[in-house]
Structures are given as structure tokens and as C-alpha cells.
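A.B. asks: Structure below; questions to follow.
The values are calculated or read from the model by the stated rules, or taken from the named source; none is laboratory data. Everything numeric in this text was worked out from a predicted model, so none of it was measured. Positions of Cβ are generated from backbone atoms using ideal geometry, with glycine treated the same way; all protein chains shown enter the neighbour counts.
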Amino acid sequence: MAVLARLDRVRAHVHAASLDALVVTHLPNVRYLTGFTGTAGALVLLPDRCLLMVDFRYATAAQDLIASLPTGAIVIETVPQTYDAAIVDVLRRESSRRIGIEAAWLSVSRFNAMSSGLAAGTPTPLRASGPTPVLVATERLIERARMIKDAEEVEAIREGGRRISEIARRLADFVAPGRREDEIAAELDSAIRAAGFSRPAFETIVASGPNSALPHARPTGRRLEAGDSTVLDFGGIYEGYCVDLTRTVQLGAPSAALRQLYQAVAKAHEAAVAAVRPGVRPSAIDAAARDVLVQHGLGEAFGHGTGHGIGLEIHEDPRIGREMPGLPDAPVEPGMIFTIEPGAYLPGTGGVRIEDDVLVTADGCELLTDAPQLMMIDL
């Protein structure tokens, strides 16, 4: 079962970090390890058990969740009052000493509260007969496991990619002169739900004309005009997993400057996709796209990274960007899924972005989104 394999994979990271337990409070990580989808919850991962902690609202759903798993693989702990107090009680009961916490997701106030709770009633270090409990900050223990998608995750994202591509093929039904950006965004959101997604994966971007030169513009009341370049960035959540796609629609004949943008970004996208294969560093994939744009005199017009991982969250590891001190740049591996989204943005002219989702395979990559990359609408 996928959940059991995920638990074993994360336990290996926990063991390597010399931890007795790992407290997981980030809900996407809780879902990854257990399948639990509630709006509140936590878990304590032990060497031989996974304790899923839920309040009374989710007790029945949690029991149903584990019914198909081997007995004891995941044990439900009902939280009587607060989650932090319940976590402290469990850690005391289990005599855990080196306890990992998710440094990126646990607030300082919660860290202090848990530390105080563990210290209360514990002998001082000079009088203790053994080691006293200590919370140990960890980074990306679960996220490292999440980077490599298992077969169940790949199928969910592959199907999501197919469905979002079907919507992208119909963009000409949404984009037309006189239509407002916010109207188009609302219709795309409706189409995303109608296609079987639970909801949009993020706020849909519709950026036309001068707004297309803003990489993360929000939809406005601007009405589209003939000659506009319109960037549409949208995605959905299918069976819990995000997909993300951007297409640029041209209304009527483009200007010479826009035509150059289209051609350069398309070549940058092609070069980045061609660079994706096991053993290649994310920074090299980014460089493949960036070098093309530099050659076209558009290096300064491409200010963001070439891509980002997708999964239970819309932005996950790996980060596909320039090598930077302190940020990981480990080679990509089969099973990783991330976006490829080069763009070029010129204030006063407009912008172009092409974004697709790719799966790293044993010898290259699989394109999970396949709608036409550049759409020209004749007027």
C-alpha cells in the first residue's frame, strides 16, 4: 500500500537523523503519510507506529481511513483539548527523547509551548537518570520523500494534466475582444470545477495587453483589445494533487516585438524540456531556458525561475532555478514532477509565458500537459 511505503521511506530519514520521534504538523505532510484530509490534525511518527491525532470532528472519518490498513500501522489518538498538549502527552508516554519537529511549519510560540510542556515535571538535567526530552529542528524530512512521486500520485497528476489540457484547448471560447479579465478568470474557475477538479489550485491569472508584462498580475476589469497578448495561468486540484498550466493567447496579428517574444519563449521552453533527464541539476534545466532568452536579448526580461515542483501543494521541491547559496540543487530523479515555465515580459509591449508539467522518467521526461503552446486568434 502506498501509505505504508511512504511511512517506511520517511522513517528511514528519521532514523538517519538519530530521532526517536517526528512530530508532523504541516497538514499536506499529514495527508501524504496517512491520507487524512481534515482541516486540523497532527501525527507523531515512531519507529514502529504512526499516531494520527485528530479531534472529535474527525474521529469517525479517521477510523474509516485506517480500516483497510494492517492493524497498528496507524493508530488514532483523539485530542481531548489542544493538539499541542496532546502531542506532549504522547511524547511523554512514549518516553521519546530526541524529537524532531518541522522547523518550517511549527511557529516559535508552539515550539516554546511544547518545550515547556515536556520540561514540566521533568527532573533537571543534573538530577535526571537519563537524557531529558529535546525538540530538534528538522528541514524537509518529509518533503524530500514527497519529491519522488509514487505510482498513485503520478496517475492522479497525469489525469489532472489531461483534464487541464482539455480546458486549455478551449481557450478561444473564453478569450475575445471586449471581455473583461475578471470575467474570463471566473469562467475558467467554473470550467475547472466542471472538469472534475475539487477547486482551482491557485488564483487564476488572466493578464492582457500591458498587464501581461506583469508575471503575477491579478485579473482586473480591463477589457481585452485587438492585438493584445493575454497570459492565462490556471490549474486545478485533482484527487488532492495540483496541476499548473500557462498559455498565451494572441488576439489578432501580433506586433513585431510580441512575435519575437513568442518565438524566443517557445524555443526556451523547448530547450528546458529537452534538458530534463535523471542526473541533471535543476540549475542546468533553468540555464537551458535562460540561455535561449539571453541569446535573443531577453535575459533581463526573464526574472523568475524556470519551474517548481507540484504535488499536494502548488509549490513544492524541487525548485528549478539558478543555483543560489543555501538552496538545494541536487540532480533530478525519476518520479519527480515539476513545471517548465519560461517567460519574457517587456513593459509597454506585453508578456509571454508557456508552462507545462513534466514527469522525470528513466531516460528523459514525459510531458503531462499537451495543449497547443501558443494560440493565435484571427479577428
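A.B. asks: Inside the stretch 157-198, can you point out the residues that are of a type in the set (Ser, Thr, Tyr) and surrounded by 18 or more Cβ atoms within 10 Å (Cβ to Cβ)?
C.D. replies: Ser165
A.B. asks: Within the stretch 7-21, which residues are of a type in the set (Gly, Ala, Ser) and not in a helix (DSSP H, G or I)?
C.D. replies: Ala17, Ser18, Ala21 - these are the residues of the stretch 7-21 that are of a type in the set (Gly, Ala, Ser) and not in a helix (DSSP H, G or I).
A.B. asks: When you check Ala73 against the structure, is it at pLDDT below 95 and of a type in the set (A, V, I, L, M, F, W, C), yes or no?
C.D. replies: It is true that Ala73 is at pLDDT below 95 and of a type in the set (A, V, I, L, M, F, W, C).
A.B. asks: A further question follows. Applying the selection to the stretch 313-348, what residues are among the charged types (D, E, K, R), touching a strand residue (DSSP E or B) at 6+ places or on another chain (Cβ under 9 Å) and not in a strand (DSSP E or B)?
C.D. replies: Hits for the stretch 313-348 are Glu313, Asp329, Glu333, Glu341.
A.B. asks: Here is a list: Val231, Val243, Val249. Which entry is of a type outside the set (Lys, Arg), in contact with a strand residue (DSSP E or B) (Cβ under 6 Å, 6 or more places away or on another chain), buried (at least 18 other Cβ atoms within 10 Å of the Cβ) and within 30 Å of Ala151 (Cβ to Cβ)? Give the steps one after another, and end with the answer.
C.D. replies: On the way: Val231 fails: within 30 Å of Ala151 (Cβ to Cβ); Val249 fails: within 30 Å of Ala151 (Cβ to Cβ).
Among Val231, Val243, Val249, only Val243 is of a type outside the set (Lys, Arg), in contact with a strand residue (DSSP E or B) (Cβ under 6 Å, 6 or more places away or on another chain), buried (at least 18 other Cβ atoms within 10 Å of the Cβ) and within 30 Å of Ala151 (Cβ to Cβ).
A.B. asks: Another one. Do we find a residue being under 30 Å from Ala16 (Cα atoms), outside the structural domain of Gly303 (by TED's automatic domain parsing), in contact with a strand residue (DSSP E or B) (Cβ under 6 Å, 6 or more places away or on another chain) and surrounded by 14 or more Cβ atoms within 10 Å (Cβ to Cβ) anywhere in the stretch 118-125?
C.D. replies: no
A.B. asks: Run Val75 past the list (1) of a type outside the set (Asp, Glu); (2) under 27 Å from the mean Cα position of the chain (by Cα); (3) assigned to a strand (DSSP E or B) and report the number of the one that doesn't hold.
C.D. replies: So Val75 meets the others, but not (2).
A.B. asks: Another one. Taking only the stretch 294-312 into account, find how many residues are over 28 Å from Glu159 (Cα atoms) and crowded, with 23+ Cβ neighbours inside 10 Å.
C.D. replies: So the count comes out to 1.
A.B. asks: To continue, here is another question. Test Ser212 against the criterion of being in the same structural domain as Ala344 (by TED's automatic domain parsing), over 30 Å from Arg31 (Cα atoms) and either under 19 Å from the mean Cα position of the chain (by Cα) or at pLDDT 95 or above (or both), and give yes or no. Please lay out each step first, then the result.
C.D. replies: Details: in the same structural domain as Ala344 (by TED's automatic domain parsing): yes; over 30 Å from Arg31 (Cα atoms): yes; either under 19 Å from the mean Cα position of the chain (by Cα) or at pLDDT 95 or above (or both): yes.
In short, yes.
A.B. asks: Counting just the residues of the stretch 184-209 that are under 19 Å from Gly227 (Cα atoms) and in a helix (DSSP H, G or I), which one comes out farthest from the chain's Cα centre (by Cα)?
C.D. replies: Restricting to residues being under 19 Å from Gly227 (Cα atoms) and in a helix (DSSP H, G or I), the top hit is Gly209.
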